[in-house]
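Asker: Below you'll find the structure I mean.
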Amino acid sequence: MKYIKNFVLLFAVATLLLSCNSGNERVVELLIPQPAKTIIKSGRFTHDTPVVYFSNVSDSDKENLLELIKGVFPSATETLDSTESGVIRVKQLPYSNNATESYDLCVSRSSIDIEARTPAGLIYAIQTIAQLNYLSTRGVPCVIISDAPRFAYRGIHLDVSRHFYSVEFIKKQLDVMSFYKMNRFHWHLTDGAGWRIEIKKYPRLTTFAAWRPYNNWKEFWFGERLYCEQTDAKAKGGYYTQEDVKEIVAYAQKLNITVIPEIEMPGHSDEVLAAYPELSCKGKPYTSGEMCIGNEATYKFLTDVLSEVCELFPSEYIHIGGDEADHKNWKECAKCQGTIRAKGLKNEHELQSYLIQRIENFLSTKGKKLIGWDEIIEGGLSPYATVMAWRGEAGGIKAAQMGHDAIMTPGNWLYFDAYQDNPATEPEAIGGYLPLSRVYSYEPVPDSLSLEEKSHIIGVQANLWTEYIQTEEHVEYMLYPRVLALAELGWCMADAKDWERFLPAANRHLEILKDKGINAHQISNSVIAEEVVDVEKQKIELSFRCDKMPVDIRYTNDGSEPTIESELYNAPISIKDSAIIKVAIFQNDERITEVQTFTPLYHKAIGKKVSYNIPHCSHYVAKGEATLTDGYNGGASYGDGSWQGFNKDVDVVLDMGEVTPIREIEVNFMQQAGPWIWFPEYVDIYMSEDGETWRNVKHISNDVPRDTEGMLIKNFGFAGEERCRYIRYTAHQLPKEGAYMFIDEIKVK
Ligand SMILES: [Zn+2]
């Protein structure tokens, strides 16, 4: 707020003398991504029919920029008089290498000035004006903005192989991407589920490999995974003609978006090998998803395809996939093994790397650079290749340490095919849980890197794989509003990110997205409760929030249903021992949600010492020895820091400090068959006054089968009238290497 840019120095000094306009400030805070530097002024630019004056802008850029301005002011026209009232002055300054997307914007009552060193910067200045105009009820708020992105690469990936989407749909998404200052569209054009780009030399790729005799991917995948002729009555799928591709690339260019094509190799190529089986190790269709690397015909195919691709896409980068290749066929193939011997390669990793390097050499003859998924570093790689880290951050870290540029797209934060709300109420997704807040919390540059290595992290990208996403409406549902968070990850400096500022803005942008005809997921209006346990003061501070805005949270603590008369929540509630709190959301004096009940409990064992006769496991330590009596319950994820894992029996002793009356002990276990987390076989609970003489007060056998689906939580506890100082809690699990038990708390009442 206090930064003053030279070119507007005089102007800014003048405006500092004026009082700040809080209405304008609120509008500017709603910009996504939030600009780097802003000075709020009073007043609005309210000219509905502005004129546009260009200075030092090429004719072709002029046409494009005027069209974008007309998107904001439909009746704008060009003028040759820079002093006209209601003028928008668009000025391109001499090019500078380190300001390729930055811009300056100054809005006053009578004029708007935008300056940048590239057409890209001018485009972003106009997008900022467009947002300001959308966000304000009347006119464009007067403001001075000096803005630049944190990362050069800000991308969205879309898989069009699993399901095919129309040209018009892609263009619609490009419009929204540019509105949020995203500049790379990674177009996943080929995969085992279908080939989607016309290649003149290989017509079978689009008359056959682009079509499936199934209604959707699920039927294909869980069926026989066949392709069919385009003319087949059952054929579903599609492809982009080279004319379609040119249209999309040109459209994107006008929005400062580079389209990066991905042509998968050598794996994820089942569809290619069904159409051209001679490129597989066995020479027969439906025998492999991996191309034969020992066959020169494979290189001929790939370089032919890439030659056409390089012609179509001006992008410096070409993505070649390189992920998840199965080595099985290569191991059994005489040609592949022959290449390993002839080239002195160590193994199949190096065989894959041999192919990638040949392809990279080929691409460099076309003036292109190679990007691949993080597997491409496994067998060695030339320093010019860029790595896209998807299996967590490790691939990106390793790449940066080896001197490669890397783009962060880790699954746990940026795979938008995961659920963004309760799976029970959401359309089917592939799995995982990635709410808006988690996307927003991601920091793309790992602390562990040196300054030099950090400079190799050139950006972020969200990936949308579409196995379960059959319709275009559903694609939008998965992308938005998470794209809003992604936009700030790519554009804003780490310390400029602010969830408290961002969340109201995201709520407001959901309305804008709706105006743009986007079918966004709506932010949940359920109440999220958070407890802070204060061991010193022996109380719990219970706070509520709701990500949907604006709403009122009202609550009761007498068991009654909240009404419009109930207490309005505005500060954390203190709870000494236990309470029953009922909450609901109100909007315009009406209850708009079901009543939610929370039962915070400051139980007797909080802060008491736990000792371990058998240690907990070393991976899921949670908060160490404090975990089981810290007052915090675990949530739906065993890795959330409240659940403690045991890979041997549980055997712990709890010291209450003095002989204490006990009515109930509650110990919840988690079961989740997928990662081998199971309930105990049986539990024994013992009590003692002196820690030496023990009596068994409870034996519980488990009756829940291990293969029960979903995530289960079950109490293996005790109820009765007892007194003791020490409680020994033991749980036994059938020995099985790699199996776990998880508990979060030993609650004593
Ligand atoms: Zn082979």
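Just so you know, all these numbers are worked out from the coordinates, no wet-lab data involved. As the structure is a prediction and not an experimental result, all values here were calculated from the model. Here the Cβ is made from the backbone with ideal geometry for all residues, glycine too, and neighbour counts use every protein chain on show.
Asker: Please identify the DSSP H helices in the chain that span no less than 15 Å along the helix axis (Cα) and have a mean Kyte-Doolittle hydropathy of 0.0 or more.
Answerer: Span-like helices here: 119-135, 167-179, 296-312.
Asker: Follow-up question, since we're still on this one. Between their Cα atoms, which of K497/K548; K62/K172; K398/K623; K539/K608 are more than 25 Å away from each other? Working shown, then result.
Answerer: Numbers: K497/K548 19 Å; K62/K172 22 Å; K398/K623 29 Å; K539/K608 14 Å.
Violating the 25 Å Cα-Cα cut-off are K398/K623.
Asker: Principal axes first, then extents: for the Cα atoms of the chain, list largest minus smallest coordinate on each axis, whole Å, largest first.
Answerer: Largest first, the chain extends 92, 80, 53 Å along its Cα principal axes.
Asker: Run the numbers on the stretch 6-147 and let me know its relative contact order in percent, using alpha-carbon pairs under 8 Å that are six or more apart.
Answerer: 30 percent
Asker: Please work out the FRET efficiency for the pair K70 and S437, using the Cβ-Cβ distance as r and a Förster radius of 35 Å; give the result to the nearest 0.05.
Answerer: After rounding, the FRET efficiency stands at 0.45.
Asker: Tell me the net charge near T258. Cut-off is 11 Å between Cβ atoms, T258 excluded, with +1 for each Lys or Arg and -1 for each Asp or Glu.
Answerer: Result for the local shell: +1.
Asker: So what's the back-of-envelope 222 nm ellipticity for the chain, counting only DSSP H runs of four-plus at -39500 (n - 2.57) apiece and dividing by all residues, rounded to 500?
Answerer: Calculated from helices alone, the mean residue ellipticity at 222 nm is -7500 deg cm²/dmol.
Asker: By how many nm would the segment from D577 to M493 lengthen if fully extended, with 0.36 nm per residue of separation less the alpha-carbon distance?
Answerer: 25.9 nm
Asker: Over the chain, what is the mean sequence separation of C-alpha contacts under 8 Å (at least six apart), divided by residue count, expressed as relative contact order in percent?
Answerer: 8 percent
Asker: Mind listing which GluC sites (Glu not before Pro) in the stretch 308-357 are in a DSSP loop and have 16 or fewer other Cβ atoms within 10 Å?
Answerer: Numbers: sites: E308, E311, E316, E324, E332, E348, E350; in loops: E316, E324.
Listed in order of number, the matching sites are E316, E324.
Asker: If I take every Cα pair under 8 Å that is 6 or more residues apart in the stretch 335-428, average their sequence separation and divide by the length, what percent do I get for the relative contact order? Present the calculation step by step, with values, prior to reporting the outcome.
Answerer: Numbers: 110 pairs, mean separation 16.7, N = 94.
Once normalised by length, the contact order is 18 percent.
Asker: Going down the list K346/K369; K300/K369; K343/K366; K537/K749; K576/K749; K181/K254, which pairs span over 22 Å between their C-alpha atoms?
Answerer: Beyond 22 Å: K346/K369; K343/K366.
Asker: Follow-up. Among 226-237, 134-145, what's the highest-first ranking by average C-beta atoms within 10 angstrom per residue?
Answerer: By packing density, highest mean first, the sequence is 134-145, 226-237.
Asker: Okay, moving on. Starting from the stretch 360-446, pick out the GluC sites (Glu not before Pro) whose DSSP state is loop and whose Cβ has at most 13 other Cβ atoms within 10 Å.
Answerer: Qualifying residues, ordered by number: E428.
Asker: Could you pull out the chymotrypsin sites (Phe, Trp or Tyr not before Pro) across the stretch 23-107 that fall in loop regions by DSSP (anything but H, G, I, E, B) with no more than 14 other Cβ atoms inside 10 Å?
Answerer: The qualifying sites are Y95.
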